[in-house]
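Asks: Below you'll find the structure I mean.
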Amino acid sequence: MKKNRALIIIAALSLIIAAVGINIMPDQIAAHFGFDGNADLITSKYTVFLFVGIVTAIAVIGILLRRAYEKKQNGTSDEKEAAHAASNAKICGTVTAAVCAVMLGIECIFIAMGYSGLQNMYGTEGELYSSLTVIIMGIMFAVLGNVMPKLKMNGAMGVRTTWSMKNEEVWARTQRLGGILMFFGGVVMTVAGLILRGMPALIVMAAVIVAVVVISVIGSYKYCQKWEKRENDKS
């Protein structure tokens, strides 16, 4: 229970904040905005409970994954495999807690937007909310980037491609690259959220996410190619 305390607390906070939110928001709120900045989807204030469902689902998945890694750790006599499972169990808690915290932050922004009756994202208030979202995402990327290089090969977390799953060497190099990209990408996103407002900040966030994914995938392919070439040269 203690190991999963952070996830349980965040899930409980999500429910409490949503319960408070429905009492301060109007019955109908804007839930989506078009490219012109105007609200193009009006929905019930009870939509906020979708965030509660998402946060709870992520927390449950995190708890189950952690238990699976701990079971693997306790069920093997191989010291290396046990150490890998223990490391992944610990990182799993950090990763899922970070994602849940981000969703909780976005839930709070959603409630604030509903409470203010926001109808256009290009105004001062709308641009502020956009920038806050980018900052929250940037912090999450920086946190995840910091732990990614510590991930051992697994089927649930990390940069998992056909190439990165070839062996532990390719895996480790791919996670190191992905972690570096995510960390500095998170820093860029956070800075962009602090100095830019609205659409420019969102564009920077989207560009960073695409760059991290594309470069990480290409990197895993290149690392795998080098490993295969080295193995072929030996034979």
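Asks: Enumerate the amide H contacts of residue 196 below 5 Å, restricted to partners 5 or more residues apart or on another chain; note that Pro and chain-start residues carry no placed amide H.
Replies: Under 5 Å from the amide H of residue 196: no residue qualifies.
Asks: Would you mind checking the pairs 71/222; 90/222; 90/166; 3/80; 80/166; 90/226 and listing those with alpha carbons more than 26 angstrom apart?
Replies: Going by Cα-Cα distance, 71/222; 90/222; 90/226 fall outside the 26 Å limit.
Asks: Simple spin-label model, 7 Å along Cα-to-Cβ: residue 162 to residue 38 in nm?
Replies: Going by the 7 Å Cα→Cβ label model, 4.7 nm.
Asks: Using a Förster distance of 35 angstrom, determine the FRET efficiency expected from the C-beta separation of residue 5 and residue 206, and round it to 0.05.
Replies: In this case the efficiency is close to 0.55.
Asks: Taking θ as phi - 60°, what are the ³J(HN,Hα) couplings along region 86-98 by the Karplus curve (6.51, -1.76, 1.60), each to the nearest whole Hz, with x for Gly and Pro?
Replies: 5, 5, 5, 4, 5, 5, 4, x, 5, 5, 5, 5, 5
Asks: Let me ask something else about it. Could you pull the Cα extents of region 1-120 along its three principal axes, largest to smallest, in whole Å?
Replies: 59, 30, 15
Asks: Separate question: Set the Förster radius R0 to 30 Å, insert the Cβ-Cβ distance between residue 68 and residue 227 as r into 1/(1 + (r/R0)^6), and round the FRET efficiency to 0.05.
Replies: For residue 68 and residue 227, the calculated efficiency is 0.60.
Asks: A further question follows. Of the options 13, 94, 193, report the single residue whose Cα projects farthest towards the positive end of the charge dipole of the chain (beta-carbon charges: Lys, Arg +1; Asp, Glu -1).
Replies: My answer, from the dipole projection, is 94.
Asks: Let me ask something additional. Indicate the gyration tensor shape class of region 123-235 (rounded, prolate or oblate), computed on the Cα atoms with a ≥ b ≥ c the square roots of the eigenvalues: a/c under 1.5 is rounded; otherwise a/b larger than b/c is prolate and the rest oblate.
Replies: Prolate, because a/c is 1.5 or more and a/b exceeds b/c.
Asks: Students often get this wrong, so try it: which of (1) 26; (2) 19; (3) 39 is percent of Cα pairs over 29 Å apart as calculated from the structure shown?
Replies: After the calculation, the listed value that fits is (3).
Asks: Right, here's the next one. Less than 12 Å Cβ to Cβ from residue 175, Lys/Arg counted +1 and Asp/Glu -1: what total charge do the surrounding residues give?
Replies: +3
Asks: Looking at the chain as a GNM with Cα springs under 10 Å, which of 101, 83, 18 has the largest mean-square fluctuation?
Replies: 83
Asks: Collect residues whose amide H, placed 1.01 Å from N in the peptide plane, falls under 5 Å from the amide H of residue 33; neighbours closer than 5 in sequence don't count.
Replies: Sorted by chain and number, the residues that satisfy this are 40.
Asks: Between residue 24 and residue 146, what is 0.36 nm times their sequence separation minus the Cα-Cα distance? Round to one decimal in nm.
Replies: The span from residue 24 to residue 146 would gain 40.2 nm if fully extended.
Asks: So which residue, out of 77, 220, 44, gets the largest mean-square fluctuation from a GNM of the chain using Cα contacts under 10 Å as springs?
Replies: Answer for the Gaussian network model of the chain: 77.
Asks: Considering Cα pairs under 8 angstrom that are at least six residues apart, work out the relative contact order of the chain and quote it in whole percent.
Replies: Over the chain, the number comes to 19 percent.
Asks: Follow-up. Once the other residues with Cβ under 14 Å from the Cβ of residue 21 are scored (Lys, Arg +1; Asp, Glu -1), what is the net sum?
Replies: Spelling it out: positives minus negatives among the neighbours equals -1.
Asks: Quick one: net charge around residue 126, please, counting Lys, Arg +1 and Asp, Glu -1 for every other residue with C-beta under 14 Å from its C-beta.
Replies: -3
Asks: For region 104-130 and region 163-235, write down the distance between their C-alpha centroids in whole Å.
Replies: About 31 Å separates the Cα centre of region 104-130 from the one of region 163-235.
Asks: Taking the highest mean first, how do the peptides 180-190, 201-211 order by number of other beta carbon atoms within 10 angstrom per residue?
Replies: In descending order of packing, they fall as 180-190, 201-211.
Asks: Would you pull out the residues with amide H under 5 Å of residue 76's amide H, same chain only if 5 or more places away, H placed 1.01 Å from N?
Replies: none
Asks: So how far, in whole Å, is the C-alpha centre of region 1-38 from the one of region 62-103?
Replies: When both Cα centres are located, 27 Å separates them.
Values quoted throughout were computed directly from the atomic coordinates according to the rules given, and no laboratory measurement underlies them. Bear in mind the structure is a predicted one, so any value in this text is a computation, not a measurement. Heads up, the Cβs are rebuilt from the backbone with ideal geometry, glycines too, and the neighbour counts pull from every protein chain shown.
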